[in-house]
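The next block holds one structure in the form of structure tokens; read it before the comments.
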Amino acid sequence: MKKVEAIIKPFKLDEVKESLSAVGSSGLTVSEVKGFGRQKGHTELYRGAEYVVDFLPKVKLEIIVSDDNVAQVVETIEKAAKTGRIGDGKIFVLPVDEVVRIRTGERGDEAL
Amino acid sequence: MKRTSPMTAHVARAVYAAILTPLAVLASHTAAWAQDSPAIDTGDTAWILTSTALVIMMTAPGLALFYGGLVRRNNVLSVLMQCIMCMATVSIVWVVIGYTLAFGPGNALIGDLSMIGLAGVGVEPGEGETIPPLLFMMFQGTFAIITPALIVGAFAERMKFSAFLIFTVLWSILIYSPLCHWVWGGGWLGERGALDFAGGTVVHISSGVSALAAALLIGKRIGYGQEPLPPHNLPFTVAGAGLLWVGWFGFNAGSALGANGSASIAFVTTNTAAAAATLTWVFVEWATRGKPTVLGAASGAVAGLVAITPAAGFVSPMSAIAIGAGGGLLCFFGIRLKEMLGADDALDVVGIHGVGGTWGALATGVFADAAYGGTDGLLYGNPGQLWIQVEGVLATMVFCFIGAIVLLKLTDMLVGLRVTDEGEIQGLDLTEHSERAYGSID
């Protein structure tokens, strides 16, 4: 099992979610996050005082998938989240040791 | 405009405030003798009841939201608390002792204690009056409430709540009441003919100058000038500015003390000046800083409302455009003043109320037109009025600055002005009130 973690542009969330549903992905967790990479921050202006804001708002997706589905999920997110402009985000794939469905006690792939 | 209407205002103002020229006072006495017996005018009374409620609304939620949005998220409750506690504290101070010190006969500098605890303040109008004296007292009380609440913006995000309370009570009794007496209560500034329709000196210069004293004495916030200290919720601030704009009709048009022509003039000049200042601030900001901001629009509106306050019932609507535009322009640059003065005036009380109030008081001496109810100003052939206005501004500044320094020093000796560095970093909501505005995860 793998965890696919993707940092994407917030306005791309719906598109990514729909594409993932279309390929049969069964669930995901999202959170609003802030951070920076190559994309520069922006300037804010309050009563004439300028502030440079480094951290930009992004959305983080977390999906746990079986080893067979990793390639498809990553590809789906990559396609749906892409604008071609700087700041589109990144996808990380991490190993997952165990999954437990709390309600039934199922373990491993059964619990996905 | 009905010709008789401003006269009704004269009658009331002459008796209550004694700020008119000898000629107008004479006219009001004549009018008073013509009446068989003073009686309550239900129209006047209904409007002043309404105005009183409108001005109360300016402090909370109006000013509370305006200021609450401008601080960081861990200080929003402390500012809301200070505004609502100004309402509670000064309401009591005013009925017990503030009103008599402001409006008791007394001398040229301060009222006496003849109306302590509202002794003798009843519902039957005196000669030439059309509203119950008790209502006049409450209307004036709403001005006493909002004025110290304006100062809150200067020491926001770092003052101890106990210090705020002590300072507010002392300031209300020892600075607001005497100053109010000078201008409206039969004191020396009113006698000299200083024009202040609704509180340019009494409310705005006094709070602006005291705010400067407070910001200088309490010191800068941790991180000021090194890291951003941006507003946390501009929708609050815009909602607050909107409530202030609406409430200001009670403040200014209510200061006519009747439902009459003078109130209508003040209503129109107030709205017109607010609009002109909003446009000015936004376009100047757009031209010099590259973007028109929402905070700029809200700040411009308040700057215009401040500027027109002393002039509201004394100038034409076209003059109100000039006064509003001047207020927007001067306050836009006025908020830079704090950097030159080395004062962390956190929410720009000095730049908006001090600068806008000073401009408004002087502009009243320039644009006043006797046809609207006061005396003529510089543009109408009476340069002497401008000089009287200058005297009023300078006297108010000196009195309030020195007075505020003394009271702040006294407060500092009693409880200390400032929270600990640790408390300031954690935010006043938790350190002073053990509460959070926005849940436990920031």
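Figures for the structure shown
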item	result
Residues located in segment B:127-169, provided they are touching a Ser or Thr at 6+ places or on another chain (Cβ under 7 Å) and either closer than 17 Å to B:Gly403 by Cβ or at pLDDT below 95 (or both)	B:Gly128, B:Ala144, B:Thr147, B:Pro148, B:Leu150, B:Ile151, B:Ala163, B:Ile166, B:Phe167, B:Thr168, B:Val169
Selection from segment A:73-110 of residues that are out of contact with any helix residue (DSSP H, G or I) (no Cβ under 8 Å at 6 or more places or on another chain) and closer than 16 Å to A:Glu62 by Cα	A:Val74, A:Glu75, A:Glu78, A:Lys90, A:Phe92, A:Leu94, A:Pro95, A:Val96, A:Asp97
Every pair of residues 6+ apart whose Cβ atoms lie under 6 Å, when the first sits in segment B:117-128 and is free of Cβ contacts under 8 Å to residues at least 40 places away in the same chain while the second is surrounded by 11 or more Cβ atoms within 10 Å (Cβ to Cβ) and part of a loop (DSSP other than H, G, I, E, B)	B:Val121/B:Met115
Given (1) surrounded by 24 or more Cβ atoms within 10 Å (Cβ to Cβ); (2) in a helix (DSSP H, G or I); (3) not hydrophobic (A, V, I, L, M, F, W, C), index of the condition B:Glu339 fails	(1)
Residue pairs meeting the criteria (Cβ under 6 Å; at least 6 apart or on separate chains; first under 21 Å from B:Val71 (Cβ atoms), in segment B:408-431; second in a helix (DSSP H, G or I) and among the acidic types (Asp, Glu))	none
Qualifying residue in segment A:10-24 (condition: more than 14 Å from every other protein chain (Cβ to nearest Cβ), surrounded by fewer than 17 Cβ atoms within 10 Å (Cβ to Cβ), in contact with a Lys or Arg (Cβ under 7 Å, 6 or more places away or on another chain) and farther than 30 Å from B:Gly225 by Cα)	yes
Qualifying residues in segment A:29-46 (those that are within 14 Å of chain B (Cβ to nearest Cβ) and loosely packed, with under 14 Cβ neighbours inside 10 Å) - the one farthest from B:Tyr224 (Cα to Cα)	A:Ser31
Of all residues making up segment A:77-96, the number that are touching a residue at least 24 places away in the same chain (Cβ under 8 Å) and exposed (fewer than 10 other Cβ atoms within 10 Å of the Cβ)	2
Of all residues making up segment B:186-221, the number that are of a type in the set (A, V, I, L, M), assigned to a loop (DSSP other than H, G, I, E, B) and farther than 24 Å from B:Phe66 by Cβ	2
Verdict on B:Ala119 being of a type outside the set (D, E, K, R) and crowded, with 24+ Cβ neighbours inside 10 Å	no
Only listed residue being among the aliphatic types (A, V, I, L, M) and more than 14 Å from chain B (Cβ to nearest Cβ), chosen from A:Ala49, A:Ala71	A:Ala71
Residue tally, condition surrounded by fewer than 18 Cβ atoms within 10 Å (Cβ to Cβ) and modelled with pLDDT under 95, over segment B:214-230	7
Sole exception among (1) without any contact (Cβ under 8 Å) to a residue 12 or more places away in the chain; (2) aromatic (Phe, Trp, Tyr); (3) more than 14 Å from chain A (Cβ to nearest Cβ) for B:Phe333, by number	(3)
Residue satisfying all of: in segment B:352-407; hydroxyl-bearing (Ser, Thr, Tyr) and assigned to a helix (DSSP H, G or I); farthest from the chain's Cα centre (by Cα) among these	B:Tyr380
Any chance B:Leu101 is at pLDDT 95 or above and touching an Asp or Glu at 6+ places or on another chain (Cβ under 7 Å)	no
Residue within segment B:69-78 that is in contact with a strand residue (DSSP E or B) (Cβ under 9 Å, 6 or more places away or on another chain), of a type in the set (Ser, Thr, Tyr) and more than 17 Å from B:Ala144 (Cα to Cα) present	yes
Residue ID - nearest to B:Arg221 (Cα to Cα), chosen from residues in segment B:128-178 that are surrounded by fewer than 24 Cβ atoms within 10 Å (Cβ to Cβ) and touching a His at 6+ places or on another chain (Cβ under 9 Å)	B:Phe161
Residue list for segment A:1-55, restricted to those being touching a Pro at 6+ places or on another chain (Cβ under 7 Å) and within 23 Å of A:Val96 (Cα to Cα)	A:Lys2, A:Glu32
Residue within segment B:231-246 that is touching a residue at least 24 places away in the same chain (Cβ under 8 Å), surrounded by 24 or more Cβ atoms within 10 Å (Cβ to Cβ), under 22 Å from B:Ala307 (Cβ atoms) and of a type in the set (A, V, I, L, M) present	yes
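The values are calculated or read from the model by the stated rules, or taken from the named source; none is laboratory data. Everything numeric in this text was worked out from a predicted model, so none of it was measured. Note that each Cβ is placed from the backbone with ideal geometry, even for glycine, and that neighbours are counted across all protein chains shown.
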